[in-house]
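Peer 1: Got a structure here, written out as structure tokens. Questions coming.
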Amino acid sequence: MAVDVFDRRLILVVGKGGVGRSTIAAAIAGQCAARGRKTLLFETNANDRFGAYYGKPAVGTSVTQLAPNLSAVNTNAATALEEYGLMILRWRSVYEMVFENRVTKAFLRAVPGLDDYALLGKAWYHTAEEKRGKPVWDTVVFDMPASGHSVSMLRIPWVILDTVPEGPLTRDARTIKELLSDPKRTAVVLVTLAEEMPVNEAIELETKLGALGIVPQQMICNQIYPDHFPDATPVARVLEALTADPQLATPLREVTTHGQLSRDRRRLNERYLAELRKRTKTPLKELPMLFTPQLAPAHVRALGERLITP
């Protein structure tokens with residue numbers, strides 16, 4: 001990448017739904033693992049793709065190894081709260097007495113933002129998790145929810161510190177806030193497409209994160225169409241001539257239509273890439289469109305390798 005984020009303790013991958021955020025998270029995690037870093041690919045409430053990306057079954061709420069130095073977990077709020085309760089109370093019988101009674105459950109359901117804070121807290125826990133005095137993970141790559149939801153989740157530590165009296169909750173919130181705001185430990189990678197709505201949302205997301213003191217360090221524009229028909233080249237002139245011919249017969253007419261689509265998509269991409277460069281401060285990296293019905297491990301690996309090329 002233009003900015004090397006692979007040595008951070010926490011990598012947050014954020015962006016609008018449908019821009020390939022999970023694919024980029026998997027590609028980044030794969031590169032971290034290839035560098036010898038013990039890496040956890042972290043997702044929440046997801047229709048898992050990570051297992052398939054690495055030729056494994058779907059990832060669930062237990063940590064699952066996908067490749068050398070690379071594991072993944074697909075957690076949810078209930079599991080995160082249970083793990084937190086057991087970590088604090090230590091005994092399952094005590095946990096069930098405190099957390100599993102109807103009064104406590106009703107109270108917890110009424111606390112706004114608690115589910116998101118539990119998920120964010122679990123990601124933070126893994127960044128600090130130790131075994132025999134050594135970190136379990138060198139890097140946690142968090143495939144965050146879609147952009148609006150991710151901003152709400154990341155804002156929670158700030159809200160707690162502004163509203164909750166000093167105590168254990170504020171202590172942990174302060175620690176998480178310091179982690180999220182520290183560019184030496186945490187990197188934010190924005191993922192977008194070179195299209196109108198994703199670009200506008202990426203620009204807005206950059207601003208909202210900056211207001212929290214979380215500065216994105218890399219923007220990835222995904223699924224860029226190849227430039228098969230550069231302006232004023234012979235192939236471009238051939239395409240124009242074929243397009244202008246009303247008598248064009250099958251199958252040349254269909255091939256020409258596909259050529260037009262490719263050229264027009266590339267022009268659209270170039271327009272919005274220029275918009276991103278003009279309106280954002282985050283270094284921009286482009287990744288190509290992969291023309292395949294289903295992503296395989298080799299595709300994810302190839303995208304990861306593109307991320308580290310100048």
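The values are calculated or read from the model by the stated rules, or taken from the named source; none is laboratory data. Model, not experiment: these values are computed from the prediction. Backbone-built Cβ (ideal geometry, glycine too); neighbour counts: all protein chains shown. For the accessible areas, the whole protein counts, side chains as well, though only heavy atoms, and no ligand, DNA or RNA atoms are used. Shrake-Rupley method; radii C 1.70, N 1.55, O 1.52, S 1.80 Å.
Peer 1: Could you look through the range 259-308, keep only residues that are among the polar types (S, T, N, Q) and open to solvent by less than 60 Å² (accessible area, probe 1.4 Å), and pick out the one that is modelled with the lowest pLDDT?
Peer 2: THR292
Peer 1: Let me ask something additional. Inspect all residues belonging to the range 114-126 and state whether any of them is open to solvent by 40 Å² or more (accessible area, probe 1.4 Å) and modelled with pLDDT of 90 or more.
Peer 2: Yes, the range 114-126 contains at least one residue that is open to solvent by 40 Å² or more (accessible area, probe 1.4 Å) and modelled with pLDDT of 90 or more.
Peer 1: Determine the pairs where a residue that is within 14 Å of GLU196 (Cα to Cα), located within the range 243-271, has a partner that is among the small types (Gly, Ala, Ser) and surrounded by 15 or more Cβ atoms within 10 Å (Cβ to Cβ) with Cβ atoms under 6 Å apart, the partner being 6 or more residues away or on another chain.
Peer 2: ASN269/ALA194
Peer 1: What number of residues within the range 131-145 are buried (at least 16 other Cβ atoms within 10 Å of the Cβ) and either on the phi > 0 side of the Ramachandran plot or within 19 Å of the chain's Cα centre (by Cα) (or both)?
Peer 2: 9
Peer 1: Of the residues LEU287, LEU273, LEU252, LEU295, only one is over 18 Å from the mean Cα position of the chain (by Cα) and closer than 22 Å to VAL14 by Cα; which? Please lay out each step first, then the result.
Peer 2: On the way: LEU287 fails: over 18 Å from the mean Cα position of the chain (by Cα); LEU252 fails: closer than 22 Å to VAL14 by Cα; LEU295 fails: over 18 Å from the mean Cα position of the chain (by Cα).
Selected residue: LEU273, the only one of LEU287, LEU273, LEU252, LEU295 that is over 18 Å from the mean Cα position of the chain (by Cα) and closer than 22 Å to VAL14 by Cα.
Peer 1: Kindly indicate the residue of the range 148-169 that is touching a helix residue (DSSP H, G or I) at 6+ places or on another chain (Cβ under 6 Å) and at pLDDT 85 or above and also most open to solvent (accessible area, probe 1.4 Å) among those meeting that condition.
Peer 2: Here the residue is LEU161.
Peer 1: Under the condition of being in a loop (DSSP other than H, G, I, E, B) and among the polar types (S, T, N, Q), which residue from the range 1-57 is surrounded by the fewest Cβ atoms within 10 Å (Cβ to Cβ)?
Peer 2: For the range 1-57, the residue satisfying everything is ASN47.
Peer 1: Now for a different question. For the range 219-230, does any single residue satisfy the condition of being open to solvent by 70 Å² or more (accessible area, probe 1.4 Å), closer than 18 Å to LEU10 by Cβ and at pLDDT 95 or above?
Peer 2: No, the range 219-230 has no match at all.
Peer 1: Which one of these is out of contact with any Ser or Thr (no Cβ under 6 Å at 6 or more places or on another chain), open to solvent by less than 70 Å² (accessible area, probe 1.4 Å) and farther than 30 Å from LEU154 by Cβ: ALA249, ALA244? Write out each step before concluding.
Peer 2: Details: ALA244 fails: open to solvent by less than 70 Å² (accessible area, probe 1.4 Å).
Residue meeting the stated conditions: ALA249.
Peer 1: Looking at the range 170-195, which of its residues are surrounded by fewer than 22 Cβ atoms within 10 Å (Cβ to Cβ), over 16 Å from ALA123 (Cα atoms) and touching a Lys or Arg at 6+ places or on another chain (Cβ under 9 Å)?
Peer 2: PRO183, LYS184
Peer 1: Out of the residues in the range 58-68 meeting the condition of being within 28 Å of ASP115 (Cα to Cα) and not β-branched (Val, Ile, Thr), tell me which one is least open to solvent (accessible area, probe 1.4 Å).
Peer 2: Top of the filtered list is LEU66.
Peer 1: From the list LEU209, LEU169, LEU161, LEU242, which residue is under 29 Å from ALA33 (Cα atoms) and in a helix (DSSP H, G or I)?
Peer 2: LEU209
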